[in-house]
Amino acid sequence: MNKAESERLSSLFSQKGMQPTIHPDEADLVILNTCVVRQHAEERVVNKLHSLRTFKKANPQMLLAVTGCWVDANPAQMSKSFPYVDYFFKPGEAPPWQNIEDWRRAIPEKPGVTAYVPIIQGCNNFCAYCIVPYRRGREKSRPLAEIVSEVQALVERGTREVTLLGQNVNSYGQDLPDKPDLAQLLTALQATEGLWRIRFLTNHPKDMSLHLIETVANLPKVCPAFNIPIQAGSDTVLQNMRRGYRADDYRRLVAEIRAKIKGVALSNDIIVGFPDETAAQFQETVDLLRELKLDAVHVAAYSPRSGTIAAREMPDDISAAEKKRRLHIIEQLQEEIGGQINATLQDNIVEVLVEGREGEKWYGRTRTDKIVFFRDTADWHGKLVSIRIERTSPWSLQGTCEIA
Ligand code: SF4
């Protein structure tokens, strides 16, 4: 989401004739787009602001603005603590000096082959550990027609794959007058000529409906790869996290998706070391992952975020060393599972949308969101290519170009 918002900001300024620079000492305007999903990220924001202060002192004309989830409900208070910052504005909102219509319409002049398109901001769930609803506010969907025309404009400028973004995309449209849903939006986007692939994230296990799964199964442009975070495998921990489902609900959801969408790839997010998580409860997470064998797992050690329910009511009672130990166990398990899943692709031919080059190699993704590297002298940027897989690892695939 932050990446999408940074791109929108940068395209706005490019349209006004400004040039990007990576050197803050050359900049007339610096915007720091912040993330505070973990304590460490918040510390980095403060450190970065301290270093930007030096540039501001050397060049008092330079404007410094801060946005993203670090900006809380009280920018006036923040201004007192950081008087050298000229503007604070909340994530997803237009900068204070910006015309709102220009902001809504800002699209990069030269978007990438793949592009992020935010469809809903904020979240109405209050998971005990999460700061998002406090910083990004309640759910606010963009009108369906506005999203469709943005995707159309991106495709006209070369984009071939879009990823629809939201903290909970399954709630899309419920706050709009005619209550369109994600299935309707995907169906509308399927008709976009020149668009090859559609993805969406993040899903909430309690909100991902059977209707959505069936719709996706019938829309060829929608890629069979979903991120559905479970966060923990123990019902007690899930309840403490206020996630609103049980591990068995998740098992059923995975089974339904796999039955309806053949070859689907699923990824998951896990938090280890949530307050009170016992060794046995952690083991339930390990057992669930071993049982479900998902394609990818993003694992994070719990860190309390000031202002959340967990930070207020639940002592952070798992030691850092124990959190690290649990994190490694999940990482190792997933390395094994991911390695096994990817090994089944050995000698298969997969369709890759080529996004760019890394050193000597082209890279892109399969429809199931697996990253593939290959060498070839032709220019494959932005094209679909068939690749025969010759080497696999838990994280990526390598192959050679089979058919143009
Ligand atoms: S659903 Fe996601 S964004 Fe919303 S509160 Fe829970 S973790 Fe945070």
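Only the coordinates and a few stated rules stand behind these numbers; no lab work does. What you see is a predicted model; the values in this text were computed from it and never measured. Positions of Cβ are generated from backbone atoms using ideal geometry, with glycine treated the same way; all protein chains shown enter the neighbour counts.
Descriptive notes on the structure:
- Neighbourhood net charge (14 Å Cβ-Cβ; Lys/Arg +1, Asp/Glu -1) for Leu212: -1
- Each other residue within a Cβ distance under 13 Å of Val286 adds +1 if Lys or Arg and -1 if Asp or Glu, for a net charge of -2.
- Distance (nanometres) between label positions extended 7 Å along Cα→Cβ at Gln77 and Ala191: 4.8
- For Gly173, neighbours were defined as the other residues whose beta-carbon sits under 15 Å from its Cβ, and their charges (Lys and Arg +1, Asp and Glu -1) total -2.
- A convex hull fitted around the alpha carbon atoms of region 1-142 yields 129 Å³ per residue.
- Among Pro111, Pro83, Pro394, residue whose mean-square fluctuation peaks in a GNM of the chain (springs only between Cα atoms under 10 Å): Pro83
- Placing unit charges on each Cβ (+1 for Lys and Arg, -1 for Asp and Glu) gives the chain a dipole about its Cα centre, and among Gln398, Val372, Tyr84 the Cα reaching farthest toward its positive end belongs to Tyr84.
- Fraction of C-alpha pairs exceeding 14 angstrom in region 102-150: 62 percent, rounded to a whole number.
- Label-reachable residues, region 359-376, where backbone N falls under 18 Å from a point 7 Å from Lys262's Cα toward its Cβ: 367-368
- Maximal additional length on extending the Ala4-Arg138 stretch stands at 46.3 nm, based on 0.36 nm per residue less the C-alpha distance.
- Relative to the current alpha-carbon distance between Glu390 and Ser14, full extension at 0.36 nm per residue lengthens the span by 131.2 nm.
- When you restrict to C-alpha pairs under 8 Å that are six or more residues apart and normalise by the size of region 62-220, the relative contact order lands at 20 percent.
- Extension gain, Asp276-Arg242: 0.36 nm per intervening residue step, less the Cα-Cα distance, totals 10.8 nm.
- Here region 349-403 has an Rg and Dmax of 9.6, 28 Å, counting Cα atoms alone.
- Here, region 46-119 is characterised by an Rg to Rh ratio of 1.03, where Rg is the alpha-carbon radius of gyration and Rh the Kirkwood radius.
- Every pair of different Cα atoms in region 259-341 enters the Kirkwood calculation, which places the hydrodynamic radius at 13.9 Å.
- Percentage relative contact order, region 349-403, counting C-alpha pairs under 8 Å, at least six apart: 35
- Evaluated at q = 0.17, 0.21, 0.23, 0.25 Å⁻¹, the base-10 log of the normalised Debye intensity for region 15-88, with identical point scatterers placed on the Cα atoms, takes the values -0.66, -0.97, -1.12, -1.25.
- On the beta carbon distance between Asn99 and Gln152, with R0 = 30 Å, the FRET formula returns roughly 0.85.
- Debye-formula intensities of region 279-318, expressed as log10 I(q)/I(0) at q = 0.26 Å⁻¹, are -0.92 (one equal scatterer per alpha-carbon, no solvent).
- Relative contact order of the chain, defined on C-alpha pairs under 8 angstrom at six or more residues apart (%): 11
- Candidate lysines for bridging to Lys221, where Cα separation is under 24 Å - those fewer than 8 sequence places away on the same chain excluded: Lys3, Lys110, Lys179, Lys260, Lys262, Lys370, Lys383
- About the centre of its Cα atoms, the chain shows a dipole size close to 320 debye [charges on the beta carbon of Lys, Arg (+1) and Asp, Glu (-1) only; nearest 20 debye].
- Mean shadow area of region 127-184, taken as a quarter of the surface of its Cα convex hull (nm²): 5.0
- Fraction of the pair-distance distribution of the chain above 37 Å, Cα-Cα pairs, percent: 27
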